[in-house]
1. Any residue in segment 590-599 that is outside the structural domain of ILE467 (by TED's automatic domain parsing), without any contact (Cβ under 8 Å) to a residue 40 or more places away in the chain and surrounded by fewer than 16 Cβ atoms within 10 Å (Cβ to Cβ)?
2. Is there a residue being open to solvent by less than 10 Å² (accessible area, probe 1.4 Å), within 15 Å of the ligand (Cβ to nearest atom) and touching a residue at least 24 places away in the same chain (Cβ under 8 Å) anywhere in segment 357-364?
3. Does segment 404-414 include one or more residues that are open to solvent by 20 Å² or more (accessible area, probe 1.4 Å), at pLDDT 90 or above and part of a helix (DSSP H, G or I)?
4. So in segment 378-395, with the set limited to residues that are over 18 Å from MET406 (Cα atoms), touching a helix residue (DSSP H, G or I) at 6+ places or on another chain (Cβ under 6 Å) and touching a residue at least 40 places away in the same chain (Cβ under 8 Å), which one is surrounded by the fewest Cβ atoms within 10 Å (Cβ to Cβ)?
5. Quick test for you: out of LEU550, LEU576, LEU595, LEU565, pick the one residue that is at pLDDT 95 or above, of a type outside the set (Val, Ile, Thr) and either within 16 Å of the ligand (Cβ to nearest atom) or assigned to a loop (DSSP other than H, G, I, E, B) (or both).
6. Give me the pairs, please: first residue somewhere in segment 509-523 and surrounded by fewer than 24 Cβ atoms within 10 Å (Cβ to Cβ), second residue anywhere and basic (Lys, Arg), beta-carbon distance under 6 Å, and either six or more positions apart or on two chains.
Amino acid sequence: MCGIVGYIGPKEKKEIILDGLQELEYRGYDSAGMAVIEDHKLQNFKAVGKLVNLREKTKEYNSDGFGISIGHTRWATHGKPTELNAHPHLGKYSYVVHNGIIENYQELKQELSDEGFVFLSQTDTETIVHLFEKYHNSGLNSFDAFQKTIQRLEGAFAILLITEAQSDTIFFAKNGSPMLIGFDSNDVYFASSDTPIIGKAHEVCYLNDGEYGYARPGDVKLFDSNGSKEINKKPLVTNKAMAQKEGYRFFMEKEIYEQSTVVSDTMIGRASANGIKFEELSSLSLEGITSIKICACGTSYHAALASSYLFERLAKMRCSVEIASEFRYKEPLLDPDTLFITISQSGETADTLEALKMAKKAGLKSLTICNMDNSSIVRESDAAILTRAGIEKGVASTKAFATQMMVLWMLSLKFAKERGTISDEKFSEEITAMLQVPKSLIISDKLHGKITRLSKRYLHGHGFFYIGRDIFYPLALEGALKLKEISYLHAEGYPAGEMKHGPIALADAELFTIALMPQTSHYDKIKSNVEELSARDATILSISPLPFELADDFIQTDHATHPMLEFFEMMVVTQLLALEISIRLGNDVDMPRNLAKSVTVE
Ligand code: M6R
C-alpha cells in the first residue's frame, strides 16, 4: 500500500502534493517524494522516513506558476526504504509514481537491462519508466508509448507518469490499486482516495480497473480495452473524517473488508498454479534444519499456533510455538537445527524482539513474518517475509492476521515441496484452494446484516466460550481475543474436546458458546462436543456450512471444500461479530481502552 497524489494547474504545487500526501501517510511512510514540471523544467525531491522530512527538504522550493506535479508516500514492497528506492522513479526524461506490485518486473527488468537501460533502484516500479522511454525512443508519441507500456504490465497498479517530452500532461492508469481524478474548473487532481482532494476539487471520477488515459489543463481523456470512454463525474463528499474511513464506521470495519484485497496482494508473485515462490528466502537455506520454533504475542501468536498444524501436517517438520514473554524467561533449550520464526504486525513488539535476539545468540537461523519493513524485528532477522497488509489502524488486528495466515500457509507448502513430503496431487489441491481465498473473504451484505441482527442477543451473559478443534482452535482463541479487546466482555478460546475436562461446569443459558464447526475438519467430533454443551443448557451460536439442529443461532458459511477456506471465512464471521457487539455497546472500536497498537515495552 502506498499513496499517490497528482495535480495540474497554476496553484502552488508543492503544497498541494505535500498536503495530499499527508492525508495518505497512513498508507505508508517509509519514504516520500515528488516531481514537478514547470516551465519545461523538471524538479525532483525525495526523502527517507516520514513526510516531515520531505517538507524540510523542499522548504526553499516554490512552484506557483502553471505546471504538473506528482507525489508518492511509500510502503516498501520491493527494496529497502532508501532514497534510491523512493518514488518518483526517474528515466532519462520522465518520472513515475506507482502503487501496487508489478508481478512480471524481473522479466521486464532483464529485457531492459539487456537493452542498456540502467536501473538505480531495487523496485519493481522503475521498470515502468524505462519501458515508457524505450517505446518513446522508438518513435511513438507519449500517449502511445504509455499505452504500450501498461499493456506489458502484469499485477496491480495505479500509476502517474510525467515526461519532459510532453510537459503539460499527466499519464495515468489503474488496475487493482485505487485511483481517482478530481476536477475543479481547469485544474485536475489525482489521488489514491478522496481525502487529499476534499476542499480542492468539486467533482470526482473513481477509475475502474483497466482504465487509463491522459490529463491536461481542462482536458482529461479516458480509455479502456474497448477504446475511449465517457468520464463519469460525481460531486465530491466534503466530510474528511468520513472519507478516510471510506464510508465505513470504523477503521477496523474497513480493514475487515480490505482482507480480500490485501490477502491477494500478499499472494502476488508468491502463489500461483506453478507453485510457491519467496524471493525473500533465496539467501536462507533450509539445509540442516529439522524443526521450527515460532515466537510471537497476541494475535500473531494465534497465527503461529494455527501454522504449527500446517508445518507438521504438510511439511512434516516438528513445530513448537511459544508466547514470546514466556519464552524469554524459561531458559529455553535451543538447537541450531531449528529455524526460529517470529511473527509480528508492527515489528516492534518488545518481547518478540528480545526472544529473537536470544535465538540469534544461540546460533539459530531466523526468519520473520512481519507487516512493517525496516522495523526492528525485520532488521534483526536473517530473512523477512512482508505481509503486505498495509497500515492497520484499528488496534484490534484483523487484516494483519489474515495476511500472516496466508504467508504461513504458503510457507508450509513451500517447505513441504522442498522436503518432498507432499504428493503432486495434494500440492495442487492446496494451491487450488489457496487461489480461492481472496474470493472467500468477500463479505456479502446478507452475512453482515445477519451478524448485525444477531449481535443484539450477545451483549450480556456471564461469558463467551469460543470453541474449535485443530486449526479452528487457534481461530477460537483469536475470535475470543477480538471480542475481549473491543467489547470488554469476558471471552475464552478453548479446544472443543477439552471443555468436558473442566470448563463445562460453567455451562448454563447465560454461557454463550460460539462453536466453529467446519464441514471439512472433524465435523462429527466437534458436533458431539457442542451437543454436550447444549445438553447443559448453554446458548449455542454455531458457525458452519451445515445447519445444526441444537444451535440457538446459526451463521451459515459457504466455502466447504478445504479447511483453510473455512478458516478464512469463519475468521471474518468472528471479526464481524466482535465488531457489531462492540458497536452496540457504544465502545470505541478503533481505540479500545487500555490497549496500544504497538507494544514496545515488556
Ligand atoms: O505487532 P505484533 O503483531 O507483534 O503485536 C502483537 C500483539 O500485541 C497484538 O497482536 C495484539 O494482541 C493485538 N491488539 C491483537 O488484536
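1. Yes, segment 590-599 contains a residue that is outside the structural domain of ILE467 (by TED's automatic domain parsing), without any contact (Cβ under 8 Å) to a residue 40 or more places away in the chain and surrounded by fewer than 16 Cβ atoms within 10 Å (Cβ to Cβ).
2. No: segment 357-364 contains no residue that is open to solvent by less than 10 Å² (accessible area, probe 1.4 Å), within 15 Å of the ligand (Cβ to nearest atom) and touching a residue at least 24 places away in the same chain (Cβ under 8 Å).
3. Scanning segment 404-414 turns up at least one residue that is open to solvent by 20 Å² or more (accessible area, probe 1.4 Å), at pLDDT 90 or above and part of a helix (DSSP H, G or I).
4. LYS393
5. Testing whether each residue is at pLDDT 95 or above, of a type outside the set (Val, Ile, Thr) and either within 16 Å of the ligand (Cβ to nearest atom) or assigned to a loop (DSSP other than H, G, I, E, B) (or both) leaves just LEU576.
6. HIS522/ARG469
For every residue, the table says whether it meets (1) at pLDDT 95 or above; (2) open to solvent by less than 10 Å² (accessible area, probe 1.4 Å); (3) assigned by TED's automatic domain parsing to the domain that holds PRO178; (4) acidic (Asp, Glu).
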{"residue": "ALA86", "(1), (2), (3), (4)": "no, yes, yes, no"}
{"residue": "GLN110", "(1), (2), (3), (4)": "yes, no, yes, no"}
{"residue": "SER113", "(1), (2), (3), (4)": "yes, no, yes, no"}
{"residue": "ASP124", "(1), (2), (3), (4)": "no, yes, yes, yes"}
{"residue": "VAL129", "(1), (2), (3), (4)": "yes, yes, yes, no"}
{"residue": "GLU133", "(1), (2), (3), (4)": "yes, yes, yes, yes"}
{"residue": "GLY139", "(1), (2), (3), (4)": "yes, no, yes, no"}
{"residue": "ALA145", "(1), (2), (3), (4)": "yes, yes, yes, no"}
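Here is a yes/no grid of residues against (1) at pLDDT 95 or above; (2) open to solvent by less than 30 Å² (accessible area, probe 1.4 Å); (3) in contact with a strand residue (DSSP E or B) (Cβ under 6 Å, 6 or more places away or on another chain):
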residue: ASP219; (1), (2), (3): no, no, no
residue: LEU222; (1), (2), (3): yes, yes, yes
residue: SER225; (1), (2), (3): no, no, no
residue: LYS229; (1), (2), (3): no, no, yes
residue: LYS233; (1), (2), (3): no, no, yes
residue: ASN239; (1), (2), (3): no, no, no
residue: GLU255; (1), (2), (3): yes, yes, no
residue: GLN259; (1), (2), (3): yes, yes, no
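The values are calculated or read from the model by the stated rules, or taken from the named source; none is laboratory data. None of these values were measured; they are calculated from a predicted model. Please note: Cβ atoms are built from the backbone with ideal geometry, for glycine as well, and neighbour counts cover all protein chains shown. With ligands, DNA and RNA removed, areas are computed over all heavy atoms of the protein, side chains included. Shrake-Rupley method; radii C 1.70, N 1.55, O 1.52, S 1.80 Å.
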